[in-house]
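This report refers to the structure that appears directly beneath it.
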Amino acid sequence: MTNRIFRWGRAAVAGLLIIALGACGEGPWNNPHSAAEERGNVLFSSFSERPKHLDPARSYSSNEYAFIGQIYEPPLQYHYLKRPYELIPLSAASLPEARYYDAADQPLPADAAAEAVAYTVYEVHIRPGMHYQPHPALAVNAAGEGVYFKLSREQVAAANTLADFPEHGSREVTAADFVHQIKRLVHPKLHSPIVGLMSEYITGMQAYQASVQKAYEDAVARDGKNAFIDLSRYPLEGVEVVDDYTYRIKIRGVYPQFVYWLSMPFFSPMPPEADRFYGQPGMAEKNLTLDWYPLGSGPYMLTVNNPNREMVLEKNPRFHGELYPSEGEEQDAKNGLLADAGKALPLIDKAVYSLEKESIPYWNKFLQGYYDASGVSSDSFDQAVRVGAQGEASLTDDMRKKGIALKTTVAASTFYMGFNMLDSVVGGLNERARKLRQAVSIAIDYEEYISIFANGRGLPAQGPLPPGIFGNVSGRAGINPYVYDWVGDAARRKSIDTARRLLAEAGYPNGADAQTGAPLLLNLDITAGGPDDKARLNWFRKQLQKINVELNIRNTDYNRFQDKMLKGNAQIFMWGWNADYPDPENFLFLLYGPNAKAKSQGENAANYDNPAFNRLFNRMKNMPNGPARQAVIDEMVEIARYDAPWIWGFNPKDFRLYHAWYKNAQPNLMANNTLKYLRIDPVLRAEKQNEWNQPVLWPLGLVAGVLLLSVLPALALYRRRLHTPVKKRAAAAASGA
Amino acid sequence: MSMTAIKFVPLWTDVLIYLLVAVIVAFVLYARKREHLRSQWRQVARSRMGMASLVVLLVYVAVGLLDSVHFREAVERNGDNAEVHYSAEVLSVLDVVLTPLRERVEKTYSAPFATHLYAKEMMELPDGSSVRDYPRLDYGGAHLVNPAADRGADILATATQAALQAAAMLLVLFMLVSGVLARKNKLGFATSMGRVLRGRTELPWHIMLLTFGVLLILGMLAAHLGVKYHVFGTDKVGQDVLYQVLKSIRTGLVIGTLTTLVMLPFAVLLGIMAGYFRGWVDDVIQYTYTTLSSIPGVLLIAAMVLTLQVYVETHPELFDTIAHRADMRLLFLCIILGITSWTGLCRLLRGEVMKLREVDYIQSATAFGVGHFKIIGRHLLPNVMHIVLISVVLDFSGLVLAEAVLSYVGVGVDPTMNSWGNMINAARLEMAREPIVWWSLTAAFIFMFTLVLSANLFSDAVRDAFDPRLRKQ
Amino acid sequence: MLAYIVRRMLYAIPILIGVNLLTFLLFFVVNTPDNMARMQLGMKHVTPEAIANWKRERGYDKPLLFNSAAPGVEKFSDTIFVEKSLALFAFEFGQADDGRDIAYDIKQRMLPSLALAVPVLLIGLLVNITFAMLVAVFRATYVDLWGVILCVILMSISSLFYIIGGQYLIGKVLQLVPISGYDGGIDAFKFVILPVIIGVIGGIGSGTRWYRTIFLEEIGKDYVRTAWAKGLTERKVLFKHVLKNAMIPILTGVVVVLPLLFMGSLVIESFFGIPGLGSYTIDAINSQDFAIVRAMVFLGSVLYIIGLILTDISYTLVDPRVRLA
């Protein structure tokens, strides 16, 4: 027996040695990436859940834009460095100009009153000489016919990924492709999230949608579920191709914010061949769709698409070329952001995104040098960031020693608590409810919230507009006078006594109904379940206990919560908004009455509807930025603050950490195509990784030693016992006792 | 606090706990009259390990029972409306006992016995300038003028005082026990004391007194130090961790016991019937448990917890307080865990009974025409009882632990409820902090570990006494 | 024997139908198709038309179990249940709610799951049986007592703690292996070694204790006494008789989980970022992807039933006294 154990032991030791040697072969043992990639000009990043849609007509969330922003090229983009954000041409040759026409199709001057304008025309000239990435859909044979347009059922069934179609082709991008993409937005199968919004503005979109819908239904009745319809056969009145490099979009009335939409992937070019290729029967069932395999003209293309593990972007060999911007803000040159000015983009050959669901492993790998950049979670905050006496953030010594850099920005987003204005207790524009809302607004101490739950990474919001958006006023003039006082040189939250007084005036002295004596019970509707949520919910209850009001937590799953919001059954809820584009309209429309969620399923989650506010909103949205617009906005913000449909919450600050080998990092909240500007120093990275990841081996030896020491005597005893017949031992035991 | 008006609010799990206690009491009364059961339990009572763990278990149960009497206080309002309104906050007797712990809430994390917060903060100095440093706690060590110098001495003095008090109480208890035993055995008081000390009594009183003494000292330490400091520190929102672990005891006990209560009758009866009768009975029972156990447990639990939420949502009038909602979720969790976990034991019993019925004496009993249920009751049940007992105890700890995993998946007990699972789950993030926040996890670990260990040791003692085959040796 | 297996196979059909119906009802009580549509379509600008479209496209616009509008047999067949469930019996899982081919994902994810689960099972079994034998040899001595206490200590530590602690110690402090992730081929080794160790350690407590009970029970039996009385050495008694007979209950436990290894481990996989079927299921629960959940439930049930059949067969192979009817 012992011999056998030793033999096993020898085999195990030999095995371990082989493994150890194999692992020692290249670089640190704990390297999660392959060593060959590690030395290349490759960026390493992650995604936390698989992107649902990569089709530019459908995709509408930041984790998807991280990919398709690099692949597709809409007409416009935001300048990488300039602030405030500035639109510049991307696939367009120049910024499109708006031309106004009246109802009789007569051109109007640029300064015409909005009421007089019947429609606006944007003429987009695109950049000539752009080509799509190599793709099977564009592969043509000698006769100029698509190679893969007539696949048999068997051929489709044999394919699993796009790589199973070996022949590739490319062609030049034309204006018709842009028009095709706009038409795709209404395709009934694609459920584009902006089709509702766009059909309010682009003329003829509704009629087009109806005709396509009918054509699609007919096709489905004829050919079954996978029916294919050719969108080019149905004309769309508001969008027309002028020539190969020009197209026009016709907008109902005036909608100055439209140009912002032109910077989003919804408006990037899409060759009709893609739809034809992916539309073949059986393709969708095999995941072979535009949702999974994009076809773009941008600097990168998706070459590995395994959302279960990793996704890889590689340089598009047919990219038309673009240069690194040579101008930026004042300090950019000093900070080295212009070092690559004039160089051909993209600067990185390949970007590897690994699936990383938990924040803790991601953070640790970042510290080990295996990810190039990272955010700062609340729990690693103290390790990474030190906040100085004036509240300014700087890195801890540990981080600085590693050469890590920190960049902070106030995000163009807002996290707020909304009151459902349809609710009988907290809702309504009457004096009682308004005072109740103001009292609660004072009681919930968002300064403390930010400091406990966000490590101070946020600014208490004073109104609907976050800093960095036109219309936001900072300093003394910008405080919300119903919640804050200006004391010394800072805004200070009003006292709890003020809140109690307001509560009493609202008819709830000491938190109880003045008439019935019933204690006031408010409900917070929320979807919670994370490890941190218990603490957060307790905190909210604590806040209202300060004014003797009991807060009941109505916790449900996400769907149930959405349902409550849609039906207007929530009472107090937490909500957030990320800017689509840097214009105040994109925030103020969240309070615009006709957008109420319960009534028209809009984005006005609080169902706030104040006629004065609505009137001003309609005026404000068409105005150019300037003092006149500022005045209207100030008036709107004042109305909203007084009514307090939201507890304005806070505007989060983004903290990003970058390793020393990560160059040209500049947070840009609007642009989503920033990968092309980044540069990596792989030599420095390999060096640092080796330095930081020396395995610590002595505890292994220690454990082995302890095990050995404890096993050896037992083994000897065991041997003796095994070979002694039991009778003898029993006798010995008996005599001993 | 004025006790003028309170309204008792028995929660569903409270009722079931009372029921469980009643069942146990009834069983004890029943077993007292049956000699074969009595002798087995007497053997349990002689086991030192068993009795020591029983003492620990009883202390846990006592805390759990204190936490199972819920009420709402009347809200004192000015105004002379006749109608009395009750606070929406449901308290338990334990909450009242622990009021000093419950109400001494700091701002955020603080380490055990700390006098300062664990995170730096901007503070305004008297001279108007501001500095970023660790602020003093509102309660923890607030009585100290100079915490850096005085804290150690203060803790030592308080601890000594607490230990002395505990020792005195233990002495009284010791004399009480000796006195009672002296009367019972008609011995002199001194002789009896000597016997108890040396363990020469029928029951291992010295071990029980020792165990209780240790718990008493720990309890007194916690009581004396707990009102001055946060013995286990505070959590992210500044709540005392000691309060949380004590409140979590009830959750753990409820999940461990009520789940078993729900599942046991089904598992035992059906398992034995399937193995014994075979044929269509076996088929039907197998169909039922195979269907149920084929569904991955987590999935079934997730689906049912979500269903419950829909129910609560559509019947808000039934659940007027947070405690009621959380309690309903806890109860459902028990039932669901019961549904998913009875099948394992059932299958095990079926396999064992299949083996047993091939054994000669049962085959001959069948041949002699002994009734089926007599065979089950007389021969099969006692022979599989040890499997049931072991499974139940293994399940008990397993269930307490499963709760943490379910919290991770997001379908555990209500996030507002105190439970070790929620604490461990939150500790995931705390462990990744730098500097590390270790006390919540440690506290939950200690309390959970003690409970599971005592349960296991007690069950071992029970098993030794009840397993017919082991006894033969 | 063959007849028995065929009979068990036939039993499987009603069980699978039962499973299907049960999960189906559970998920449709909770999650109406409207909710599913809203989940899949995202948060911003979702119109009722888009939801109706989505439902129509996915076939969720039909009644659940009974279609009163349809003629004849189609009253039953033209329903969500029949359309979505019957295909499963041919192992056609269809598309996930986000449009991906479920069968392809399952195939892709099965291997990583096995790469983790098989070593955990085998090494765990070896370690547990060894420890249990060791404790059984030293029964009624201090080794036994402390062995049991050690088991209890190991058992009362939450698996989450093992994972957090292991990741922290071996991955972060000692830097021996990657903290998480996965790679195909031989590279998989460095990723699975830590989860395997954690999985094994997490199972030692309960496993050893359980096997010890089985061994002790076997040792207490008459034939063992007879063997001793004959003067056989303990080695012969333990390895020839006790181990062999104790294999029956051990097999009951092992064989039944064998096919389920394909399903992977729920928590460890998501913690270590291993793209197996366990994390697939967790993700599906979190994103409420009904199609995947249904497919996984079905797959789990099939594997479970296979496990049960295997168990009963192994009974006869190891212990001829058990007869299969």
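The values are calculated or read from the model by the stated rules, or taken from the named source; none is laboratory data. Everything numeric here is computed off the predicted structure, so don't read it as measured data. Cβ placement follows ideal geometry from the backbone for every residue including glycine, while neighbour counts extend to all protein chains displayed. Keep in mind that these areas ignore ligands, DNA and RNA; they rest on the heavy atoms of the full protein, side chains included. Shrake-Rupley method; radii C 1.70, N 1.55, O 1.52, S 1.80 Å.
The distance between label points at residue B:359 and residue C:142 comes to 3.6 nm (points 7 Å beyond Cα on the Cα→Cβ vector).
How would you order A:149-156, C:115-122 from highest to lowest mean count of nearby Cβ atoms within 10 Å? Intermediate results must be reported in sequence, preceding the final value.
Values: A:149-156: 12.9, C:115-122: 19.9.
Result, highest mean Cβ count within 10 Å first: C:115-122, A:149-156.
Hey, with R₀ at 41 Å, roughly what FRET efficiency would residue A:496 and residue B:159 work out to, going by the Cβ-Cβ distance, to 0.05? Can you show the working numbers first?
Values: r = 38 Å, r/R0 = 0.93.
Rounded to the nearest 0.05, the efficiency is 0.60.
For residue A:300, the residues whose amide H sits under 5 Å from its own are A:316, ignoring neighbours fewer than 5 places away on the same chain, with H placed 1.01 Å from N.
Could you tell me which GluC sites (Glu not before Pro) in the stretch A:343-445 are loop residues by DSSP with no more than 11 other beta carbons within 10 angstrom of their beta carbon? Can you show the working numbers first?
Numbers: sites: A:356, A:358, A:392, A:431; in loops: A:356, A:358, A:392.
In loop regions of the stretch A:343-445 (DSSP not H, G, I, E or B), the sparsely surrounded GluC sites (Glu not before Pro) are A:392.
With a ≥ b ≥ c taken as the square roots of the eigenvalues of the C-alpha gyration tensor of chain C, please select rounded if a/c is under 1.5 and otherwise prolate if a/b is larger than b/c or oblate if it is not? Taking the square roots of the gyration eigenvalues as a ≥ b ≥ c, chain C is oblate.
Based on DSSP H runs of at least 4 residues, each adding -39500 (n - 2.57), what is the mean residue ellipticity at 222 nm of chain A after dividing by all its residues, to the nearest 500 deg cm²/dmol?
Numbers: 25 runs with 252 residues, N = 737.
Roughly -10000 deg cm²/dmol at 222 nm, from the helical runs in chain A.
What the phi angles of the stretch A:701-712 give under the Karplus curve with 6.51, -1.76 and 1.60, with θ = phi - 60°, is a coupling list of x, 4, 4, 4, x, 4, 4, 4, 4, 7, 7, 4 Hz, glycine and proline written as x. Using 7 Å Cα-to-Cβ label points, what is the residue C:56/residue B:127 separation (nm, one decimal)? According to this spin-label approximation, the distance is 7.7 nm. At a probe radius of 1.4 angstrom, the accessible area of the stretch B:351-466 per residue rounds to 33 square angstrom.
Enumerate by residue number the trypsin sites (Lys or Arg not before Pro) in the stretch A:289-375 meeting two conditions: DSSP loop (anything except H, G, I, E, B), and at most 10 other Cβ atoms within 10 Å of the site's Cβ.
On the way: sites: A:309, A:315, A:318, A:334, A:343, A:350, A:357, A:365; in loops: A:309, A:318, A:343, A:357.
Of the trypsin sites (Lys or Arg not before Pro), not one in the loops of the stretch A:289-375 has a Cβ with at most 10 other Cβ atoms within 10 Å.
Taking the Cα centre of the protein assembly as shown as the origin, how large is its charge dipole in debye, to the nearest 20, when only Lys and Arg (+1) and Asp and Glu (-1) carry charge on their Cβ atoms?
Working: 149 positive and 141 negative charges, 1691 e Å.
Approximately 8120 debye in magnitude.
A Förster radius of 35 Å combined with the Cβ-Cβ distance from residue B:372 to residue B:30 puts the calculated FRET efficiency at roughly 0.90.
Legend: mean number of C-beta atoms from other chains within 10 angstrom of residue C-beta atoms, peptide A:449-457, equals 2.
Label 7 Å along Cα→Cβ of residue A:625; the stretch A:77-119 residues with amide nitrogen under 16 Å? Residues A:77-89 fall inside that zone. Would you please classify the overall shape of the stretch A:278-361 from the alpha carbon gyration tensor, given that a ≥ b ≥ c denote the square roots of the eigenvalues, rounded means a/c under 1.5, and beyond that prolate means a/b larger than b/c while oblate covers the rest? Cα axes put the stretch A:278-361 in the oblate bin.
Per-residue ellipticity at 222 nm for chain B, helices alone: DSSP H runs ≥ 4 residues times -39500 (n - 2.57), over residue total, nearest 500 deg cm²/dmol? Walk me through the numbers on the way to the answer.
Details: 18 runs with 326 residues, N = 473.
Computed mean residue ellipticity for chain B: -23500 deg cm²/dmol.
The phi torsions of the stretch A:256-264, fed into the Karplus equation with coefficients 6.51, -1.76 and 1.60 and a -60° offset, translate into couplings of x, 6, 4, 4, 5, 4, 5, 8, 9 Hz, rounded to whole numbers, with Gly and Pro shown as x. When every Cα-Cα distance of the protein assembly as shown is counted in 10 angstrom steps from zero, the calculated P(r) takes the values 1, 6, 13, 18, 20, 17, 12, 7, 3, 1, 0, 0, 0 percent.
Note on C:144-156: average number of Cβ atoms from other chains within 10 Å of each residue's Cβ is 3. Rounded to the nearest 10 degrees, what's the angle between the helix B:12-33 long axis and the longest principal axis of chain B, both from Cα atoms, 0 to 90? Computed tilt is about 50 degrees.
Against chain B, whose longest principal axis comes from its Cα atoms, helix B:48-66 is set at around 60 degrees. Which one of B:252, C:296, A:613 is farthest out on the positive end of the charge dipole of the protein assembly as shown, using unit charges on Cβ (Lys, Arg +1; Asp, Glu -1) and the Cα centre as origin? Farthest towards the positive pole: B:252.
If you plug the beta carbon distance of residue A:197 and residue A:303 into 1/(1 + (r/R0)^6) with R0 = 30 Å, you get a FRET efficiency near 0.35. Normalising the average separation of contacting C-alpha pairs (under 8 angstrom, six or more residues apart) by the number of residues puts the relative contact order of the stretch A:418-654 at 29 percent. Whole-Hz Karplus values for the stretch A:584-590 come out as x, 4, 5, 9, 5, 5, 5 Hz, taken residue by residue from phi with 6.51 cos²θ - 1.76 cosθ + 1.60 and θ = phi - 60°; glycine and proline positions read x. Reducing the stretch A:446-491 and the stretch A:227-271 to their Cα centroids gives an inter-centroid distance of 40 Å. Using only the Cα atoms of chain A, build the gyration tensor, take square roots of its eigenvalues as a ≥ b ≥ c, and label the shape rounded, prolate or oblate: rounded if a/c is under 1.5, else prolate if a/b is larger than b/c, else oblate. Oblate.
Between the amide H of residue A:461 and those of A:649, A:650, A:651, distances stay under 5 Å, these residues lying 5 or more places away or on another chain, with hydrogens modeled in the peptide plane. Where only DSSP H runs of four or more residues are counted, chain C gives -22000 deg cm²/dmol as its mean residue ellipticity at 222 nm, each run worth -39500 (n - 2.57). Counting Cβ atoms of other protein chains within 10 Å of each residue's Cβ and taking the mean over peptide C:166-177 gives 6. List the trypsin sites (Lys or Arg not before Pro) within the stretch A:215-303 that DSSP assigns to loop and that have no more than 14 neighbouring Cβ atoms inside 10 Å. Those that pass, being in a loop and sparsely packed, are A:225.
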